[in-house]
Every structure is written in C-alpha cells, then in structure tokens.
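The block underneath contains the structure these notes are about, expressed in structure tokens.
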Amino acid sequence: MLTETRAAPAVHPQTISPGPAPGSQPAPAGPAPGPSGPALALILTAAFMVVLDFSIVNVALPSIQRELGFPATAAAWIVTGYAIAFGGLLILGGRAADLFGRRRMFAAGLLLFTAASLAGGLARDPVLLVSARMLQGGGAAMVAPAALSLITTGFPEGPQRTRALGMYGATSSLGFVAGQVLGGVLVEYTSWRAVFLVNVPVGLVAVALVPRLLGRGREARARRRLDVAGALLITGAVAALVFAVSQANAAGWASPVVLAAAAAAVAAAVGFLAVEARHPDPLIRPGLLRLPSLRKGYSLVGLLGVWNAGEMLVLSLYLQDVLRESPLVTGLAIAPQGIVGIIAGVFGARLAGRFGLRRLLVLTTAAAAIGLLMLTQLPASGGYSPLLAAVMLVGFGSAGTAFGSMVMASRGVANADQGLVGGVMNTGRQLGAAVGAALLPAIALAVSHSGAVATASGGSGGAEGDRAAMLAGAVAAALATAVAWRAGTARPGRGRRHGA
C-alpha cells in the first residue's frame, strides 16, 4: 500500500538512461527526475488520442454501416481490425520501446496513427476503411506502451509516479468523454469521416513537438537484442485469440473458423514458451512474470476490459437501437461516465495515499459492479431510468481500477523493462475488451425475445438482452473485486527489483 508521507522532490526534465547489460543486477532505484510539464502534457495527449479514437468510432458505427453498405457481419471488422492489430502488437511495441528508444517509438507510432486516421477519413470502400483501422491499431500499439513507460521510467515509485499515472488515467477518461460527445456532434452535423480526420491535426502537431519537448539528443537504449521469434509468436498468439473471440458472434462460438483461430493461438503460445525457455535474452523473462504485482495488475485490467468495452458497446447500441436516440444524445447520455472517470484519475493518488492501493481497488471494482447491476434495470422505452447514477458508478470504478492496476504492475520493475510492462498491461486490457465486446452483445442477442436484426457488434438484442449483458459485466467486476481483495500489495521500495 502507499504509505509515503514525505513531500515529493521537484520535477525536472528527464534523460532516459540505458537498461542494465544482460546478466547484471540493476542498480537500486533512487529518486529520479520526471518529465517536464510540457513533456508530460505531450505524453498525455497521445493517450488522449488513442482513447478518443476508440470511443468516437463506437458512436459512428451505425452511420458508417449505412453509408458504405457494410453487411452486419462485415461492419464488425471496423472494431475487430483495430483490436487485432492493437492487441496483437502491444507486447512487441513495448519491448521495442525498451530496446530502440521510447521517444523514437512514441514518435513513429504517432506518425503511423495519424497517417492511418487520414486514410480512414478518406476511405471510399469497406476494405480500405478496415485496412486503415488496422494501421491505426498498429500505430496505437507503438504509442501506448511507449507513453506509459515514459511516465513510469520518468518518476520513481511512490507519490510522484502515482500522481502521474492518475493524470494518465484522467486523460484517458477525458478522451472517452470527448469521443462520445464529439463523435455524436460530428456524426450529427457533418459526417462519420470527421471522426477519423479530427486526429490528423492533433497528431501532426504532437509529432512536431516530440523533438522539442522530449529531447533531440541521442537516446540511450537497453543493451539487448530483440527476440524476433518470440515477438512473432506472441504477436500471432494474441492476434489469433482476439480474432477468435471477436468473430464468435458472427460465426458462432463452435464454428470451424473460431475453433481454428483458438487452436492457432494456443499453438503459438506454446511455441512462444518453448522459444523463451531457450533464448539467452527472451522477450519476456520468467522472473518478470513471477512478480505478484504484475500478475494481479494484469488480471485486474483484463477483467476491466471485459466489463468496460462490453458495457460501452451494448449501452451505445441500446440507446440508438432500442430507445431510438440520435448519436449526439447517445454521446451525451454516456458522457457522465467519463467525467466521473476524470475525477477518479485526478484524485486517485490522494485516495490511494489515504486508504492504500488495495482498499482503493476493492472500492473501485465494487463500485463498477454496483453500477452494472443498476444497468440491469434499463427500461424498454422512455421513462425512469437508472442510467445517470449507474454510468457514474461504472465510470468511477473503471477509471480507478485502470489507474490502480497500472500503479500496482509497475512496482518492483527495473526501468529497462517498463516498456514491456506497459505492453503487457495494455495487452491484458485489449484481450479483455475483445472478450467483452464479443461476449456481452452475444449474451444480449441470445437472451432477447425480440428477434432484433444483428448490428455491427452482433446485435444489442433489445432491452431484455441488454439487461442480461449488463449482468454479465457485473459478474466480471465482482471477480475483479475478489482479485483486489486478495492483492495484498507490497510497500514501495521493498524487495528486489526485477530487471535483466
């Protein structure tokens, strides 16, 4: 738990130091300077863009499907293509940031993400749009772990890092709010194309500012080689697993294509473990995975991905397909969830310092479970609805869990491995999100008695089905509460730091 009471040292611009040589013990971590204010703002802007793109496209899905003539099953690839590329490449992106330079990978990922956003906004047929979405996912997989590791390597364990990660979580929640509302405004008054094109000016400015704010000098790199075979196998395993769960709605959970993808994921994962056991410098060392803080943090963000992605998608479809609300009203109805998430991120460090990280995680996961249980009372038509109170509870719980999990996972890890930790944690959340985005709509469709036509996500299934989907999300949040209850995190600065 967080027990520090001393005032944090002043923040100064940071120079990234190289990781330890193979076989050497990492030096004990002392107080480290953090990124300057403008540099931290640039890093947070990148996090904002990635989250904005996810939520803004959610609102635009029905409009994209109508204009480009997507069949219901094909339209799912607007989400699936991004999820496969993002989730599959995150671990590789995180390790590449450790080896080749976090600033370098951060800038390259921003550039790819921006170019893909432009291509998506100009796409005239489904194939080009899905291809652009996959490139966006690849760029995001470079940006996300690099941005997170720039924060965790820039601040020492304790109050400084906790506050910075709280700001990171708050910025992500702000991106969610902006995506819901801005997506509704853009789709309502312009075109769905604007939800992609809005990223272009922000991305170009951010790329231009990287040398100025994050430094122009030669960036130090970890003295390791990239485990190419391991990188290919883990990327293939994650991508195949994301593909399997995302296609389960359209093809069926027992269909040959889903079973084949699942078998390919298992085979690639087994091959990855075999390669890692023999490689002198493996992509993920067993000692890192044995850290209880990383395992529990990974479990928490995975469950968070299940309830958060599934709830957002089902709720968006419920508002538009069941209540027949416009995209703008849909965005405004869901926005309080993100607003409360911003508050949770801003004050999360203070709450963690007062109550301890374990108790905070128990509180936030329980709040999400209660909010999702309230959403099981969604009405089939207008009238009283628990929507406002429910989404506020889910927003507080989701943002607090994301923040607390990142703090937990980064503890006891050497700077040379922080990029990999960022990739692992983001992969956990994306895998959970893929499961949630496939499972919750599938439950909604199976339970519904309305015979609703499948939508881009596999169908909302009417109000009765949506209530059942929210109950499944509440189960995931309750499981996370049990994980948090058993977390028992170690105090900062105690124990051996795991490095090379």
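None of the figures in this text is laboratory data; all of them are computed from the coordinates on show. In this text the structure is predicted, and so the values were computed from the model without any measurement. Cβ atoms come from the backbone with ideal geometry, glycine included; neighbour counts cover every protein chain shown.
Structure summary
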quantity	calculated
Calculated from backbone phi, Karplus (6.51, -1.76, 1.60) coupling profile of the range 415-423 in Hz, x at Gly/Pro	4, 5, 10, 5, x, 5, 4, x, x
The range 227-282, Rg to Rh (Cα coordinates; Rh as Kirkwood inverse mean 1/r)	1.11
Built amide H within the under 5 Å cut-off of Val413, gap 5+	His498
Under the Karplus curve 6.51 cos²θ - 1.76 cosθ + 1.60, θ = phi - 60°, whole-Hz ³J(HN,Hα) for the range 294-311, x wherever Gly or Pro sits	6, 4, 6, x, 5, 4, 5, 5, x, 5, 4, x, 4, 6, 6, 5, x, 5
Förster-model FRET efficiency, 41 Å R0, Val475 and Leu204, C-beta, rounded to 0.05	0.40
Full-extension gain in nm, Ile343 to Val127, via 0.36 nm per residue minus C-alpha separation	73.8 nm
Note, ³J(HN,Hα) from phi for the range 165-175, Karplus 6.51, -1.76, 1.60, rounded to Hz, x at Gly and Pro	5, x, 5, 4, x, 5, 5, 4, 5, 4, x
Protection-proxy order for peptides 44-57, 434-447, each taking the mean of Cβ atoms within 10 Å per residue, highest first	434-447, 44-57
Residue exposure sequence - Tyr298, Tyr318 - by fewest surrounding Cβ within 10 Å	Tyr298, Tyr318
In nm, spacing of pseudo-spin labels at Leu332 and Arg225 (7 Å Cα→C-beta vector)	6.0 nm
Gained length - Arg324 relative to Ala277, 0.36 nm times residue gap less alpha-carbon distance	11.5 nm
By average C-beta atoms within 10 angstrom, highest first, the peptides 254-264, 140-150	140-150, 254-264
FRET efficiency, Glu464 to Ala267 (Cβ-Cβ, R0 30 Å, nearest 0.05)	0.15
